[in-house]
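Structure record follows, encoded as structure tokens.
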Amino acid sequence: MTALLELKGVTKRFRGLEALSDINLSLKSGEIVGLIGPNGAGKTTLVNVITGVHTADAGSITFNGAPIAHMRRDRIARLGVARTFQVVQPFPAMTVLENVTAAALFGGGAASIAEARDAAAHHLAFCGLTDQAGKPAANLTLAGRKRLELAKSLALRPKLLMLDEVNAGLNPAEVDAALELITRIAAQGATILLIEHLMKVVTRTARRLVVLHHGKLIADGPVASVLSDETVVEAYLGRRYAERMAGAGI
Amino acid sequence: MMLRIALPLALPFAIVAVAFVLLSQTDAYIIRLATTFGMYAALALAWNIIGGIAGYPSFATAAFFGLGAYVTAVAQNLGAPLLVGVGLAGAGAALFAGLLGSAILHLRGKYFAIASLVIAEVLRELTNSWTSVTGGGMGINLPLAKTTLLTQPQLYLAAMLFLAAAATSASMLIDRSRLGVALRCIAQNEDAAQIIGVDTRMAKTWAFVISSLFIGLVGGVYASWVTYIDPTDVYDGAMSVKPILMALLGGVGSVFGPVLGAFAYLLLEELLWRNLLEFHAGILGLLVVLLVLFLPGGLSQIRGVGLVSLPKIWRRAP
Ligand SMILES: Nc1ncnc2c1ncn2[C@@H]1O[C@H](COP(=O)(O)OP(=O)(O)O)[C@@H](O)[C@H]1O
Ligand SMILES: [Mg+2]
């Protein structure tokens, strides 16, 4: 199978700091890949570089055959690359429905505002936001705003969807609801890069796991083998976690 | 469907036509006031497209106004009829905005505001020094327009009211269009707008061009109306500040707010400020500049509600 997304030698520096060093990563169509790593590892930077929020200092990024490393953000989005923001980015004064309508209209390629609104209503229902549709986005709870981020990215009809810590800051009940939603999104067939702190979310959805540490990609492979990888255990998980996972037979 | 769109768009023109019939037979003072109202409303509506809907607080109104005035003046002195002269003013201002846009529209917030502030100064200096064409600091006279049906004051009353109606219709149209959605996204969160696929450069440039088109047209009609212009008059910084104040009074970013704001401003100007000293305009200008530059979160904070909600915003600010 050909790769949907291909990063070769991608490097991103912030002044002295090398936030991404020589990243090689390839995502196949339909794959669900978990991306883990400690705080400051460069996970969000990786998403920013792929979506054009930052421009890589070196390396190439190919999406669906097109070089996108130097493409404008809105064009990358219209090619079918969607992401949620770790720090949510709503249009605060618009209603929830208007937020998603805008996404369907521009990134989702709807032919008219009316068509975009229909598509948006569908995505709101899918994300369980229908009864919030008329509210200003600013008035949503954090869990609601995370869901709105999801609905907006789905409205782009993405080929690649990158979820940046959509569960951060949610309580356990909200996490379970979000996990259920992520599972349903995954079932729709988009390629997903899932950035997560919570192992249970990663292990339940992803087959493949990628680990970033100090800007370097230190592991890439099936979940079980990555989780028992010596370097990963040292760098991120810690001994006790590895033993517990081994005990649970994962 | 077509009717549902066409009817509201035709409404401003219908209202203006009735207003013209009622006003055109009144005395000279009322006609001059109504003409000024049409001019203010058109300028406030035009500013609101870039400054209110798109959230890019432009201080370049005086630049496009002056440019339109001078293009008309020069064209008419070369023999162009009034309508052609005014048309060229609009086209010239729109073209200039399109070129200028790529240079300054990537600047955000107060940086854009400051950059836009400089444009009128530059144009004024150019106009001053290009004496052979513009008459320099001496100013330039315009020929009297040939009118048959209307008197001179009636003609310019009709023209300014027509521009106000056209700017209203354009605002309504933008509000319901893709462009309007894009501009509202840009005003609220430009980074998020790009990530959902909005071509923000294109949208901002169109907003700037359409806004400047109307400002240029108004400048062209103004020059023909007063029949004499000079650089200090038409590139006056107050021209940039007044429309912002009107939009603030009526409600930034709303479609009809600027019209109400223009009316309120004109009333204040006539009743209160006319007899006060000149420097009050300066203080007012400074106030607006400070407001735009230092209002927490920018002008979008008071979108659609106007100055009445300022105290609330100050209280909310950290
Ligand atoms: N815009 C930026 N400017 C400067 N440094 C940045 C910027 N974005 C991220 N960094 C730095 O890059 C490193 C990686 O950050 P980030 O990608 O946010 O990590 P993660 O998402 O894995 O927690 C951190 O040290 C962070 O401080
Ligand atoms: Mg992060």
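The numbers here are math on the coordinates, done by the rules we state, and not lab data. Here the structure is a predicted model, which means the values were calculated and not measured. Heads up, the Cβs are rebuilt from the backbone with ideal geometry, glycines too, and the neighbour counts pull from every protein chain shown.
For the stretch B:2-316, the normalised intensity computed at q = 0.07, 0.10, 0.15 Å⁻¹ comes to -0.25, -0.53, -1.23 (log10 of I(q)/I(0), Debye sum over alpha carbons, equal scatterers, no solvent). Multiplying the residue separation of B:L22 and B:V118 by 0.36 nm and subtracting their alpha-carbon distance yields 30.4 nm. With the simple model of a label 7 Å out from the Cα in the direction of the Cβ, A:F14 to B:L11 spans 5.0 nm. Out of every Cα-Cα pair that the stretch B:80-124 contains, those further apart than 11 angstrom amount to 71 percent. Inter-chain Cβ neighbour count for A:102-111, averaged per residue, equals 5 (cutoff 10 Å, partner chain atoms only). Please work out whether the protein assembly as shown counts as rounded, prolate or oblate from its C-alpha gyration tensor, where a ≥ b ≥ c are the square roots of the eigenvalues and a/c under 1.5 means rounded, while otherwise a/b larger than b/c means prolate and anything else oblate? Prolate. Calculated on C-alpha atoms, the gyration radius of chain A divided by its Kirkwood radius gives an Rg/Rh of 0.97. Inter-label distance, A:S29 to A:K216: 3.5 nm, where each label sits 7 Å from its Cα along the C-beta direction. Checking the cross-link pairs A:K28/A:K152; A:K28/A:K200; A:K12/A:K216 against a 21 Å limit on the alpha carbon distance flags A:K28/A:K152; A:K28/A:K200 as lying beyond it. Sorted largest first, the principal axis extents computed over the alpha-carbon atoms of the stretch B:6-126 equal 47, 38, 30 Å.
If the chain linking B:D191 and B:L78 were pulled fully straight, counting 0.36 nm for each residue of separation and taking away their Cα-Cα distance, it would gain 35.9 nm. Note on A:71-82: average number of Cβ atoms from other chains within 10 Å of each residue's Cβ is 4. If you take the Cα centroid of the stretch B:84-142 and the Cα centroid of the stretch A:45-100, the two points sit 36 Å apart. Across every pair of non-identical alpha carbons in the stretch A:90-157, the mean reciprocal distance, once inverted, gives a Kirkwood radius of 11.1 Å. Given +1 at the Cβ of Lys and Arg, -1 at the Cβ of Asp and Glu and no other charges, the dipole of chain B around its Cα centre is 840 debye to the nearest 20. As a rough guide to protection, the peptides A:193-202, A:145-154, B:210-219 ranked by mean Cβ packing within 10 Å, highest first, stand as B:210-219, A:145-154, A:193-202. Gain on full extension, evaluated as 0.36 nm per residue between B:L287 and B:L99 minus their Cα-Cα distance, stands at 64.7 nm. Spin-label pair A:A114-A:T55: with each label point 7 Å from Cα along the Cα-Cβ axis, the two points sit 4.2 nm from one another. Report, in listed order, any pair from A:K43/A:K135; A:K8/A:K43; A:K43/A:K146; A:K8/A:K146 with a Cα-Cα distance greater than 23 Å. Over 23 Å Cα-Cα: A:K43/A:K135; A:K8/A:K146. With K and R counted +1 and D and E -1, the other residues having a Cβ less than 15 Å from that of B:P8 yield a net charge of +1. Distance from the Cα centroid of the stretch B:144-217 to that of the stretch A:162-188 is 43 Å (rounded to whole angstrom).
With a cut-off of 12 Å between beta carbons, the residues surrounding B:T61 carry a summed charge of 0, where Lys and Arg count +1 and Asp and Glu -1.
Converting the Cα gyration tensor eigenvalues of the stretch B:139-267 into ellipsoid dimensions via √(5λ) gives semi-axes, longest first, of 32, 16, 15 Å.
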